[in-house]
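Okay, so here's the structure we're looking at.
The values are calculated or read from the model by the stated rules, or taken from the named source; none is laboratory data. If you're wondering where the values come from, they're calculated on a predicted model, not measured in any experiment. Cβ placement follows ideal geometry from the backbone for every residue including glycine, while neighbour counts extend to all protein chains displayed.
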Amino acid sequence: MRRCALATGASRGIGRAVAAALAREGWPVCVNYLERREAAESLVAELRAQGRAAMAFQADVADREAVEAMVRAAAEALGPVELLVNNAGISRQGLFQDLGDEDWDRLLAVNLTGPRNAIQAVLPHMLGEKRGCVVNISSMWGLRGASCEAAYAATKAGLIGLTRSLALELAPSGIRVNCVAPGCIETDMVRILGEDTRRMLAEETPLGRLGTPEEVAEAVAFLASERAAFITGQVLAADGGFIV
Ligand code: NAP
């Protein structure tokens, strides 16, 4: 069957591990990136060396036309997108009263409008086939709220609402929509917080450490697989027990 998986924000961090895990599961993978072309191309080269079909595509998920072009290109090169992982995301730290329009708008555009753009771009094929799977990468802060990351947490809570609503709306069409809510994971997004904050977050995590991108990717690969054929509308936390 000709089909592919699209992972947004897959040049590094969680998205990169997700793309690699999906390729291992047998999916041809489209590796989306924003700025890091070399990193995305090196992942594609790695996957091809393992005998997997893969391609890289630059697109800002906030740009609807760019996302539509990416979905068309992936369909031509690898097969129609039947698995979408909305992973691309950005964070901002700071007091809510200091948050300006630019940061607020960009957080919403990438973290919430981005998944909207990608889901709407892949839906026509999925609805036509009555088959498909979407996994959204939210965050434990979207479940719990986060001081000094209110806008980020709001976008991630919104993504959970979108997941649950679309799971209900699309279930009759045979399309599953789930969410993974990572805790603190060793990526650039957490590295920029500094060593002291990272140590504090590890201590606050019941399992006593930060997670790895590969551990989040395992949760995504499970939800994307036939092993999860009867699971939709769920939020699977991969957070070392942070939120219990
Ligand atoms: P990261 O290391 O900062 O990597 C972000 C990835 O997203 C990069 O591949 C980047 O591409 C891409 N990206 C950023 N903006 C984009 C845009 N507008 N369009 C397309 N791609 C874009 O992040 P991460 O830690 O792996 O996080 C991945 C996801 O997990 C995010 O949604 C994040 O909110 C969520 N999450 C992370 C953690 C954590 O602890 N790390 C916890 C909970 C949730 P380029 O490199 O090409 O710029």
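Name every residue in the range 181-208 that is surrounded by 11 or more Cβ atoms within 10 Å (Cβ to Cβ), within 9 Å of the ligand (Cβ to nearest atom) and among the acidic types (Asp, Glu), in order of residue number.
Residue satisfying the conditions is GLU186 alone.
Output the number of residues of the range 136-162 satisfying the condition of being within 13 Å of the ligand (Cβ to nearest atom) and part of a helix (DSSP H, G or I).
15
For the range 112-163, enumerate the residues that are farther than 21 Å from ALA221 by Cα and of a type in the set (A, V, I, L, M).
Selection gives LEU112, ALA121, LEU127, LEU143, ALA146, ALA150, ALA151, ALA153, ALA154, ALA157.
Go through the range 166-180 residue by residue and tally those that are surrounded by fewer than 20 Cβ atoms within 10 Å (Cβ to Cβ) and either among the charged types (D, E, K, R) or closer than 26 Å to LEU99 by Cβ (or both).
Total meeting the criteria: 1.
Residue check: is LEU108 within 13 Å of the ligand (Cβ to nearest atom) and either part of a strand (DSSP E or B) or crowded, with 19+ Cβ neighbours inside 10 Å (or both)?
no
Of everything in the range 155-201, what is small (Gly, Ala, Ser) and within 24 Å of THR113 (Cα to Cα)? Give them in sequence order.
Matches in the range 155-201: ALA157, GLY158, GLY161, SER165, ALA167, ALA171, SER173, GLY174, ALA181, GLY183.
Pull up the range 209-241, narrow it to residues that are buried (at least 17 other Cβ atoms within 10 Å of the Cβ) and β-branched (Val, Ile, Thr), then point me to the one that is nearest to the ligand (Cβ to nearest atom).
VAL216
Please tell me if LEU47 is under 22 Å from ALA219 (Cα atoms) and either acidic (Asp, Glu) or at pLDDT 95 or above (or both).
Spelling it out, LEU47 is indeed under 22 Å from ALA219 (Cα atoms) and either acidic (Asp, Glu) or at pLDDT 95 or above (or both).
What pairs come out if I take residues in the range 23-43 that are without any contact (Cβ under 8 Å) to a residue 12 or more places away in the chain and pair them with residues that are within 16 Å of the ligand (Cβ to nearest atom) and not in a strand (DSSP E or B) whose C-beta lies under 7 Å away, six or more apart or interchain?
none
Using the structure shown, decide if VAL85 is closer than 16 Å to ARG116 by Cα, in contact with a helix residue (DSSP H, G or I) (Cβ under 9 Å, 6 or more places away or on another chain) and assigned to a helix (DSSP H, G or I).
No, not satisfied.
Exactly one condition in (1) more than 10 Å from the ligand (Cβ to nearest atom); (2) in a loop (DSSP other than H, G, I, E, B) is not met by MET126; state its number.
Just one mismatch for MET126, condition (2).
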